[in-house]
Amino acid sequence: MSKQISQTATAPYAGQLLPDASGHFGPYGGRFVAETLMAPLEELRLAYERFRGDAEFLQELDDDLRQYVGRPSPLYHAARWSARIGGAQVWLKREDLNHTGAHKINNTIGQALLARRMGKTRIIAETGAGQHGVATATVAARLGLECVVYMGAVDIERQAANVFRMKLLGATVVPVTSGSKTLKDALNEAMRDWVTNIDNTFYIIGTVAGPHPYPAMVRDFQCVIGREAREQILRQAGRLPDALVACVGGGSNAIGLFYPFLNDDGVVLYGVEAAGAGLESGQHAAPLCAGRPGVLHGNRTYLMEDDDGQIIETHSISAGLDYPGVGPEHAWLKDSGRANYIAITDDEALQAFHDLTRIEGIIPALESSHALAYVTKLAPRLDRDKIIIVNLSGRGDKDIHTVATREGIRL
Amino acid sequence: MSRIEQCFAQLRAQGRKALIPYVTAGDPQPDVTVPLLHAMVAAGADIVELGVPFSDPMADGPVIQRASERALAHHVSLRDVLGMVREFRRRDDVTPVVLMGYLNPVEMMGYEAFAQAAQAAGVDGVLTVDLPPEEAAGLVDALRSRQLDPIFLIAPTSTLERIERICANASGFVYYVSLKGVTGAATLDVASVAARLAQIREVTSLPVGVGFGIRDAESAARVAAIADAVVVGSALVKTVEAGAGRPQEIAGHLRLQLGEMRAAMDNAVADAVKHRLRGK
């Protein structure tokens, strides 16, 4: 397994190795940052290029993923839920069972090991729901690195438990009060910190967005999801799946599942964005379904923006999907037609949240519930012998207050 | 010869350094901006830099972030900013205007359409903070074809190779960012800036401006002694912010503040010349 990160990362799809040398996925991606960050990004790229082929680094990463994260995560046949939906068989990739409860740690482990090899002593991160912040604070605690997490003031209110978890882990949580006071503003603030403290600081971005090399690097660390799922379904079901479904905010859990299947032409890919109150309402977080290409946070990609090119506020019941951009590789997969992108409303996601909880005894994260909700639309259209793998990217414990509040229940 | 080139040629002939003040367009409200530009010129500005408000100003510190937010509360768009430049040009056909902002509003308008509209409005240079030369070919071509100067930043972290690449894309002047950080951050270290300027001048004959961390007459004077231009942003935007309750008084405050910087810069440059002459 230890060699696979580099193999996966260099497997060309449709004859193209993406991103290209300067970080582009077709017209998307790239490096759109102020000049001061160009040198540190190049330093990061060189370090990553070097270590992603380094046997010792890969062995350490592999050991940590097994012993600390608890990988491989199971691929579980949700037979009862499949029967209830009627149609294709649904398999859940159980990223919710990872340490810290989501896929985020696959990436933070990798980047933190890289930070240590680069001699950086201070880690910074942005977080929306707090999952990436917790996953970052966790690895920083384990490696004894200073950790500062930027979080929108609005999100701090919404996710008090995760804020406390980060503090318990020794991280400093800095409230961001600029702009819309949510994830995008936290990312701006983390970038500002990085540009000020580049000598000793490593910025762990939590998704497959940002300037090159982040989209490629985060993808490569998250590809462990798809690699395992591919091996597991071949072993457990004897064949490749017919479809993959994953939710897309920035898109790291989706790209992690999709990427190792890109060359399997028979596998149809579905990325599920947050339709919030409905795409027609304008109150959503679905740049691929209802946005336009532009430049934000260091890359060109689909964005939620107004006619003047200002970024607009997004709406989703799921804080982890509440982001106006999306990873540039998803933008490219959309344009190329290799992946399909759809959106699921808050209400549909909530329904799936309850259904999976009651029928399978698994409480899914609200983010993952968007993917599950789409499965309930897709599976009935397919025969019973078809296979869908859905990425259960996180567990829903963090969301119980949100769900209770929404339903008028006081805890 | 572009207005910017002309401006630097004239300053060189007079043995003076350029003072380049920055304000965000539409801060604290749209009708204040054009009078502020005229007031800054009256107080001794050689070039004016006008910020285009953006929702996500990643390279800016809190002072200029808040300026963007105040302007965006009035929905000030890139088109509105060009309208302000057009209005400014009715009374001032000499002072160069540089737009400073982020790429996305320009992307949304389209490079060609933007360059055409900017030229028609009377803009002279365009600094797009989040557009390094690697990604800039399309916009640079569009600007050049309309005789607009693409202005680029050089950072303390820029390698010599990058400085060469930046200067090959730039015209008008280049802008050296005096410290690692965002706008309005800590005070600058003049000695290390001087050393970097010497490196940059080996690569280019373009005038070199210095910005980030210049907060008062004293620091402006120290930078004037070593650079071709002094860019002042956050220190002025703080004055605008303080006057947001009485916007008609902001021009007067800015005039005083800039007047002090102008005088200190001119004295510093004159002293430096005297010093050199005495040395001979």
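Residues that are surrounded by 18 or more Cβ atoms within 10 Å (Cβ to Cβ) and closer than 17 Å to A:Gln232 by Cβ occur in the range A:56-67; there is at least one. Among the residues of the range A:22-48, just one is open to solvent by less than 30 Å² (accessible area, probe 1.4 Å), among the hydroxyl-bearing types (Ser, Thr, Tyr) and more than 22 Å from the chain's Cα centre (by Cα), namely A:Thr36. A search for C-beta distances below 9 Å between a residue of the range A:87-116 that is on the phi > 0 side of the Ramachandran plot and any residue that is assigned to a helix (DSSP H, G or I) and of a type in the set (Val, Ile, Thr), counting only pairs 6+ apart in sequence or on different chains, returns A:Thr100/A:Val69; A:Thr100/A:Thr108; A:Thr100/A:Val134; A:Thr100/A:Thr138; A:Gly101/A:Val134. Of the set (1) over 28 Å from A:Gln232 (Cβ atoms); (2) modelled with pLDDT under 95, all apply to A:Gln131 but (1). Within the range B:73-92, residues that are within 13 Å of another protein chain (Cβ to nearest Cβ) have Cβ atoms under 7 Å from residues that are of a type in the set (Asp, Glu) in these pairs: B:Ser77/A:Asp308; B:Leu78/A:Asp308, counting only partners at least 6 apart in sequence or on another chain. Scanning the range A:245-262 turns up no residue that is part of a loop (DSSP other than H, G, I, E, B) and farther than 26 Å from A:Leu61 by Cβ.
Results for (1) touching a His at 6+ places or on another chain (Cβ under 8 Å); (2) open to solvent by 10 Å² or more (accessible area, probe 1.4 Å); (3) among the acidic types (Asp, Glu), shown as yes or no for each residue.
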{"position": "A:Thr196", "(1), (2), (3)": "no, yes, no"}
{"position": "A:Pro213", "(1), (2), (3)": "no, no, no"}
{"position": "A:Met217", "(1), (2), (3)": "no, no, no"}
{"position": "A:Phe221", "(1), (2), (3)": "no, no, no"}
{"position": "A:Ile225", "(1), (2), (3)": "yes, no, no"}
{"position": "A:Ile233", "(1), (2), (3)": "no, no, no"}
{"position": "A:Cys247", "(1), (2), (3)": "yes, no, no"}
{"position": "A:Gly251", "(1), (2), (3)": "yes, no, no"}
{"position": "A:Ala254", "(1), (2), (3)": "yes, no, no"}
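The residue that is farthest from the other protein chains (Cβ to nearest Cβ), counting only those in the range B:164-191 that are open to solvent by less than 20 Å² (accessible area, probe 1.4 Å) and not in a loop (DSSP other than H, G, I, E, B), is B:Cys167. Answer with yes or no whether B:Thr128 is free of Cβ contacts under 8 Å to residues at least 40 places away in the same chain, within 11 Å of chain A (Cβ to nearest Cβ) and in contact with a Ser or Thr (Cβ under 7 Å, 6 or more places away or on another chain). No, not satisfied.
Picking from B:Lys238, B:Lys280, which residue would you name as being open to solvent by 50 Å² or more (accessible area, probe 1.4 Å) and either modelled with pLDDT of 95 or more or touching a strand residue (DSSP E or B) at 6+ places or on another chain (Cβ under 6 Å) (or both)? Lay out the reasoning, then the answer.
Values: B:Lys280 fails: either modelled with pLDDT of 95 or more or touching a strand residue (DSSP E or B) at 6+ places or on another chain (Cβ under 6 Å) (or both).
Testing whether each residue is open to solvent by 50 Å² or more (accessible area, probe 1.4 Å) and either modelled with pLDDT of 95 or more or touching a strand residue (DSSP E or B) at 6+ places or on another chain (Cβ under 6 Å) (or both) leaves just B:Lys238.
Here is a check on your reading of the model: is A:Ser73 over 28 Å from A:Gly210 (Cα atoms), among the hydroxyl-bearing types (Ser, Thr, Tyr) and more than 14 Å from chain B (Cβ to nearest Cβ)? Please lay out each step first, then the result.
Values: over 28 Å from A:Gly210 (Cα atoms): no; among the hydroxyl-bearing types (Ser, Thr, Tyr): yes; more than 14 Å from chain B (Cβ to nearest Cβ): yes.
No, not satisfied.
What are the pairs with Cβ atoms under 7 angstrom where one residue, in the range A:191-213, is free of Cβ contacts under 8 Å to residues at least 12 places away in the same chain and the other, located anywhere, is open to solvent by 10 Å² or more (accessible area, probe 1.4 Å) and among the small types (Gly, Ala, Ser)? Sequence gap at least six, or different chains. Short answer, once both residue conditions are applied: A:Thr196/B:Ala185.
If the condition is being at the interface with chain A (Cβ under 10 Å from one of its Cβ atoms), surrounded by 22 or more Cβ atoms within 10 Å (Cβ to Cβ) and within 19 Å of the chain's Cα centre (by Cα), then the range B:135-162 contributes B:Phe152, B:Leu153, B:Ile154, B:Ala155. Restricting attention to the range A:27-70, the residues being within 14 Å of another protein chain (Cβ to nearest Cβ) and in a loop (DSSP other than H, G, I, E, B) number 3. Test A:Asp155 against the stated conditions and say whether it is open to solvent by less than 20 Å² (accessible area, probe 1.4 Å), assigned to a helix (DSSP H, G or I) and in contact with a His (Cβ under 9 Å, 6 or more places away or on another chain). Considered against the rule, which asks whether it is open to solvent by less than 20 Å² (accessible area, probe 1.4 Å), assigned to a helix (DSSP H, G or I) and in contact with a His (Cβ under 9 Å, 6 or more places away or on another chain), A:Asp155 comes out as no. For the range B:50-67, residues that are open to solvent by 10 Å² or more (accessible area, probe 1.4 Å), without any contact (Cβ under 8 Å) to a residue 60 or more places away in the chain and more than 8 Å from chain A (Cβ to nearest Cβ) total 1.
Step by step: first the residues of the range A:163-210, then only those that are assigned to a loop (DSSP other than H, G, I, E, B), among the polar types (S, T, N, Q) and closer than 21 Å to A:Thr138 by Cα, then the one that is farthest from the other protein chains (Cβ to nearest Cβ). Which residue is that? Show your work before the answer.
Initial filter on the range A:163-210 (assigned to a loop (DSSP other than H, G, I, E, B)): A:169-171, A:177-182, A:197-200, A:204-210.
Next, only the ones that are among the polar types (S, T, N, Q) stay: A:177-178, A:180, A:182, A:197, A:200, A:207.
Those left that are additionally closer than 21 Å to A:Thr138 by Cα: A:200, A:207.
Details: A:Asn200: 11, A:Thr207: 16 Å.
Applying the filter and picking the extreme gives A:Thr207.
Residues in the range B:79-114 that are assigned to a helix (DSSP H, G or I) and closer than 21 Å to B:Glu241 by Cα: how many?
Narrowing the range B:79-114 to residues assigned to a helix (DSSP H, G or I): B:79-91, B:103-109, B:111-114.
Narrowing the set further to residues that are closer than 21 Å to B:Glu241 by Cα leaves B:80-81, B:84.
Counting residues in the range B:79-114 that are assigned to a helix (DSSP H, G or I) and closer than 21 Å to B:Glu241 by Cα gives 3.
Among the residues of this structure, B:Val98 counts as one that is more than 12 Å from chain A (Cβ to nearest Cβ), farther than 19 Å from A:Met191 by Cβ, in contact (Cβ under 8 Å) with a residue 60 or more places away in the chain and out of contact with any Phe, Trp or Tyr (no Cβ under 7 Å at 6 or more places or on another chain). The set of residues from the range A:315-358 being in a helix (DSSP H, G or I), touching a helix residue (DSSP H, G or I) at 6+ places or on another chain (Cβ under 7 Å) and of a type in the set (Phe, Trp, Tyr) comprises just one member, A:Phe353. Could you tell me whether any residue of the range B:114-121 is closer than 22 Å to B:Thr95 by Cα, within 14 Å of chain A (Cβ to nearest Cβ) and crowded, with 20+ Cβ neighbours inside 10 Å? Yes, the conditions are met somewhere in the range B:114-121. The residues on offer are B:Ala194, B:Ala244, B:Ala220, and the sole one that is among the hydrophobic types (A, V, I, L, M, F, W, C), touching a residue at least 24 places away in the same chain (Cβ under 8 Å), open to solvent by 20 Å² or more (accessible area, probe 1.4 Å) and within 29 Å of B:Asp31 (Cβ to Cβ) is B:Ala244.
Across the range A:272-314, the qualifying residues are those that are open to solvent by less than 50 Å² (accessible area, probe 1.4 Å), assigned to a loop (DSSP other than H, G, I, E, B) and away from chain B (no Cβ under 14 Å), and the one among them that is nearest to A:Ser252 (Cα to Cα) is A:Ala286. With respect to the conditions (1) in contact with a Ser or Thr (Cβ under 9 Å, 6 or more places away or on another chain); (2) closer than 17 Å to B:Gly101 by Cα, B:Pro156 lacks only one, and its number is (2).
The values are calculated or read from the model by the stated rules, or taken from the named source; none is laboratory data. Just so we're clear, the structure is a prediction, and the values are computed from it rather than from any experiment. Quick reminder, even Gly has a Cβ in these numbers, built from the backbone with ideal geometry, and neighbours come from all protein chains shown. Calculation scope for accessible area: heavy atoms of the full protein, side chains included, ligands and nucleic acids excluded. Shrake-Rupley method; radii C 1.70, N 1.55, O 1.52, S 1.80 Å.
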